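Colleague: Quick one: this structure, given as structure tokens, is what I'll be asking you about.
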């Protein structure tokens, strides 16, 4: 279980810009093996919140607890998937996927075995010796996903992972992610700015507002799992998506004035 | 995304990419390339020979005279002794510049404070006409090896530092974040990301710095401290032994070319594996479709 209590992060003033309150006291609880989607307009601190859970941030107030223990840095229980993939261009697919295992001191034979396994699981068998630039965006994010899953985390943190790929590829990646999670359940915290994606993937959608960045609302998604192929035609899916859009639109309009 | 069809599709993609890769080895245009290069060299040598014969001057040796002088010189200890003396200063000065230049480049690339502190001097060092500084260095350190090492150092240092800094800055913040997210120690971060990520630019900086070091060595030997190769050039110039002088200059050029070629080979062999190769782009997009289907 992940618990956030009054998490506050202020980026100090920089080059004449005023300080930015990236997180203005966030309270949120994520149950074990729950899939929570964080939805909000851009610039509302979604990525900052993800980094706080990852333990990459120094918080100004509040705390993040995982199973009762306060997070003070990155840990073996968590792994992250990045929006821009964050693959190492000088390393081939095999080395990229095995990178996290390598940092954690896993022996070469063992990490190659595990990496091979996950490369196959994400559908990239045969591309082990290819370099990231030889792969398309969708394939690169499959590498990013395999790298995160290879360290066998209990918690998967995903930062708009499918935001940089085209619509068809995104849909395939979403389906494959759900299928992979059916096989090994994990706690997932998934940041997105897509309403469809949030409803399609999540057990719960958390809406976040900008300025001050807070949790505005938490909505249960009561769609069956595994999601049926025609889930987008489900009245509840449509209704929920519509509701989220209304909320997001209201937020965008109310903040448009502040953005100037 | 499962099934035998897909496996077949992947196999064919791999075959396609591998055939693209193989295409590079036995390229028929290789022969053409080398014959053009040889042809260009032959044309240069021939026109040199003809022009020198037409000029018919004691001060302009022909190509064949220069070649003969070169062979004579290569068999004496005079040339090798001079090269040894010159390259002592070169190697020491360049080694010093490499170590400090890379260190300063990393410092400036990683820490804003170091950047603010050092940036003005580095900028000045880069644009300053070096020949003007040589007298200062000689006045400060005398006419010995130390001052020659210092001159070579000051020729090469800024180039190496600036390229290293550029390399460090090209490291994507997301690589660092990703590495930290896996719980890497500071040491792991340096080894796996910072040193590795900056190394293409560092190697390029070292290569360019080496060129600067060679020119520093010769400039100083010609201008102020007549030792080594520079002294030999001045000696033959004074004696109007034109062919010998030309031959020495050719030796210096050959050394510079050889050194940079070695560096370049090293860079290429290490880093072309992931460099952007256009010919992959079509195969890669095709491959993605196969996976998507």
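The values are calculated or read from the model by the stated rules, or taken from the named source; none is laboratory data. None of the values given here were measured: they were computed from a predicted structure. Cβ atoms come from the backbone with ideal geometry, glycine included; neighbour counts cover every protein chain shown.
Colleague: Looking only at residues that are touching a helix residue (DSSP H, G or I) at 6+ places or on another chain (Cβ under 8 Å) and surrounded by fewer than 16 Cβ atoms within 10 Å (Cβ to Cβ) in region B:235-255, which one is farthest from residue B:84 (Cα to Cα)?
Modeller: Checked region B:235-255; the qualifying residue farthest from residue B:84 (Cα to Cα) is B:237.
Colleague: Which condition from (1) surrounded by 12 or more Cβ atoms within 10 Å (Cβ to Cβ); (2) at pLDDT below 90; (3) closer than 20 Å to residue B:223 by Cα; (4) touching a helix residue (DSSP H, G or I) at 6+ places or on another chain (Cβ under 9 Å) is the one that residue B:149 breaks?
Modeller: Tallying (1) surrounded by 12 or more Cβ atoms within 10 Å (Cβ to Cβ); (2) at pLDDT below 90; (3) closer than 20 Å to residue B:223 by Cα; (4) touching a helix residue (DSSP H, G or I) at 6+ places or on another chain (Cβ under 9 Å), residue B:149 fails exactly one: (2).
Colleague: Also, quick follow-up: Name every residue in region A:60-99 that is surrounded by 19 or more Cβ atoms within 10 Å (Cβ to Cβ), more than 10 Å from chain B (Cβ to nearest Cβ) and in a loop (DSSP other than H, G, I, E, B), in order of residue number.
Modeller: A:71, A:98
Colleague: Does residue B:113 qualify as being free of Cβ contacts under 8 Å to residues at least 12 places away in the same chain, under 21 Å from the mean Cα position of the chain (by Cα), over 27 Å from residue B:225 (Cβ atoms) and in a helix (DSSP H, G or I)?
Modeller: no
Colleague: Then there is this: Taking into account only those residues within region A:144-154 that are away from chain B (no Cβ under 12 Å) and in contact (Cβ under 8 Å) with a residue 40 or more places away in the chain, which is nearest to residue A:203 (Cα to Cα)?
Modeller: In this case the residue turns out to be A:154.
Colleague: Going by what's in this entry, would residue B:192 be described as under 30 Å from residue B:96 (Cβ atoms) and within 8 Å of another protein chain (Cβ to nearest Cβ)?
Modeller: For residue B:192, the condition - under 30 Å from residue B:96 (Cβ atoms) and within 8 Å of another protein chain (Cβ to nearest Cβ) - is met.
Colleague: Check off (1) within 14 Å of another protein chain (Cβ to nearest Cβ); (2) buried (at least 20 other Cβ atoms within 10 Å of the Cβ) for residue B:163 and give me the number that stays unchecked.
Modeller: Of everything listed in (1) within 14 Å of another protein chain (Cβ to nearest Cβ); (2) buried (at least 20 other Cβ atoms within 10 Å of the Cβ), residue B:163 misses just condition (1).
Colleague: Return a yes/no flag: does region A:100-120 have any residue that is more than 13 Å from residue A:142 (Cα to Cα), under 19 Å from the mean Cα position of the chain (by Cα), part of a helix (DSSP H, G or I) and within 10 Å of chain B (Cβ to nearest Cβ).
Modeller: Yes, region A:100-120 has at least one match.
Colleague: Identify, from the list A:184, A:136, the residue that is more than 20 Å from residue A:2 (Cβ to Cβ) and either within 10 Å of another protein chain (Cβ to nearest Cβ) or out of contact with any strand residue (DSSP E or B) (no Cβ under 7 Å at 6 or more places or on another chain) (or both).
Modeller: A:136 is the lone residue from the list that is more than 20 Å from residue A:2 (Cβ to Cβ) and either within 10 Å of another protein chain (Cβ to nearest Cβ) or out of contact with any strand residue (DSSP E or B) (no Cβ under 7 Å at 6 or more places or on another chain) (or both).
Colleague: Turning to a different aspect of this structure: Looking only at region B:168-201, filter to residues that are surrounded by fewer than 21 Cβ atoms within 10 Å (Cβ to Cβ) and farther than 30 Å from residue A:160 by Cα; which one of those is farthest from the chain's Cα centre (by Cα)?
Modeller: Per the stated criteria, the residue is B:199.
Colleague: Quick check, is residue B:126 touching a helix residue (DSSP H, G or I) at 6+ places or on another chain (Cβ under 6 Å) and either surrounded by fewer than 16 Cβ atoms within 10 Å (Cβ to Cβ) or outside any helix (DSSP H, G or I) (or both)?
Modeller: Yes.
Colleague: Continuing with this model, one more query. Tally the residues that are in a helix (DSSP H, G or I) and within 13 Å of residue B:89 (Cα to Cα), restricting the search to region B:141-171.
Modeller: Residues flagged as in a helix (DSSP H, G or I) and within 13 Å of residue B:89 (Cα to Cα) within region B:141-171 amount to 12.
Colleague: Please work out if residue A:162 is assigned to a loop (DSSP other than H, G, I, E, B) and under 14 Å from the mean Cα position of the chain (by Cα).
Modeller: Yes.
Colleague: Given the options A:157, A:178, name the one that is within 18 Å of residue A:80 (Cβ to Cβ) and either away from chain B (no Cβ under 12 Å) or touching a residue at least 12 places away in the same chain (Cβ under 8 Å) (or both).
Modeller: Only one candidate passes the filter, namely A:157.
Colleague: Further question: Can you say whether residue B:222 is at pLDDT below 90, assigned to a loop (DSSP other than H, G, I, E, B) and surrounded by fewer than 17 Cβ atoms within 10 Å (Cβ to Cβ), as far as the supplied structure shows?
Modeller: No; evaluated as a whole, the condition is false for this residue.
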